[in-house]
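> Before I ask anything, here is the structure I am working with.
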Amino acid sequence: MQQMTDPIPVLDTQRLTLRAPKASDLPTLTAFYETERSHMVGGPRSASQSFTSLASRIGHWALLGYGLWHIDNRENGDFLGWVGVLNPPDWDEPELGWTLFAHAEGKGYAFEAARAARAYAAQEFKLDGMISYIRADNTRSANLARRLGATYERDGEVIGTPCHIWRHPKEAA
């Protein structure tokens, strides 16, 4: 493990800013995790568990030197969701993950953010050809993985939940 010595990088795409999680995101995260929609990413969660999730995002960066960015719309600053690399100790390998709030879906934001995060992770973190854990019933994420050039690799499990493991192409290829 390494310690975070640099601030969390900010990435700008055409329409988005990928930035560090911050305390002012907590109300939006709490509202999201109180919905059934959050079941694809470990929810529903209480307000206290949402706080722990936010704190762990920052801690992931501090411990591993990479993690999740929160996604903002560059035009209006709207917090849209998150994207980035996760690698808790019990996971097979680093994962490229993403989640958008309902109002942000269907606009290409997840594709734009995931491409930027994946390219940055390959170049700066030397994490190339990562996987994504996707629940079998999460057709939106599976479709996005395909659009990103990922291919189904095998069945797997993450946090005790069966899932499909998708392999992303190497950026350097």
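> Out of Trp82, Trp91, which single residue is outside any helix (DSSP H, G or I), surrounded by fewer than 17 Cβ atoms within 10 Å (Cβ to Cβ) and in contact (Cβ under 8 Å) with a residue 60 or more places away in the chain?
Just one listed residue meets the conditions, Trp91.
> In addition: Tell me, which residue of segment 51-72 that is in contact with a helix residue (DSSP H, G or I) (Cβ under 8 Å, 6 or more places away or on another chain) and in a strand (DSSP E or B) is surrounded by the most Cβ atoms within 10 Å (Cβ to Cβ)?
Step by step, filter segment 51-72, then rank; the result is Ile71.
> Please enumerate the residues belonging to segment 99-154 that are within 20 Å of Asn87 (Cα to Cα) and free of Cβ contacts under 8 Å to residues at least 12 places away in the same chain.
Across segment 99-154, the qualifying residues are Lys126, Arg154.
> Suppose we keep only residues that are at pLDDT below 95 and part of a strand (DSSP E or B) within segment 94-103. Which one would you say is nearest to the chain's Cα centre (by Cα)?
Here the answer is Thr99.
> Provide a single number: the residues in segment 135-173 that are over 15 Å from the mean Cα position of the chain (by Cα), among the aliphatic types (A, V, I, L, M) and more than 20 Å from Arg115 (Cβ to Cβ).
2
To keep it simple, each residue is scored yes or no on (1) at pLDDT below 95; (2) of a type in the set (A, V, I, L, M, F, W, C); (3) assigned to a loop (DSSP other than H, G, I, E, B); (4) closer than 24 Å to Tyr133 by Cβ.
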residue	(1), (2), (3), (4)
Gln2	yes, no, yes, yes
Leu18	no, yes, no, yes
Pro21	no, no, yes, yes
Thr28	yes, no, no, yes
Met40	yes, yes, no, yes
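Each row is one residue, and each column tells you yes or no for (1) over 26 Å from Glu36 (Cβ atoms); (2) crowded, with 20+ Cβ neighbours inside 10 Å; (3) among the basic types (Lys, Arg); (4) in contact with a Gly (Cβ under 8 Å, 6 or more places away or on another chain).
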position: Gly97; (1), (2), (3), (4): no, yes, no, yes
position: Tyr109; (1), (2), (3), (4): no, yes, no, yes
position: Arg118; (1), (2), (3), (4): yes, yes, yes, no
position: Arg147; (1), (2), (3), (4): no, no, yes, no
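Residue-wise test of (1) under 18 Å from Ala110 (Cβ atoms); (2) at pLDDT below 95; (3) not basic (Lys, Arg).
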| position | (1), (2), (3) |
| --- | --- |
| Ala121 | yes, no, yes |
| Met130 | yes, no, yes |
| Arg135 | yes, yes, no |
| Gly149 | yes, no, yes |
| Ile159 | no, yes, yes |
| Trp166 | yes, no, yes |
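Residues are listed down the side, and each one gets a yes or a no for (1) part of a helix (DSSP H, G or I); (2) in contact with a helix residue (DSSP H, G or I) (Cβ under 7 Å, 6 or more places away or on another chain):
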| site | (1), (2) |
| --- | --- |
| Asp128 | no, yes |
| Tyr133 | no, no |
| Asp137 | no, no |
| Leu144 | yes, yes |
| Gly149 | no, no |
| Tyr152 | no, no |
| Asp155 | no, no |
| Pro162 | no, no |
| Trp166 | no, yes |
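The values are calculated or read from the model by the stated rules, or taken from the named source; none is laboratory data. Given the structure is predicted, the values throughout are model-derived calculations rather than measurements. All Cβ positions, glycine included, derive from the backbone under ideal geometry; neighbour counts span all protein chains shown.
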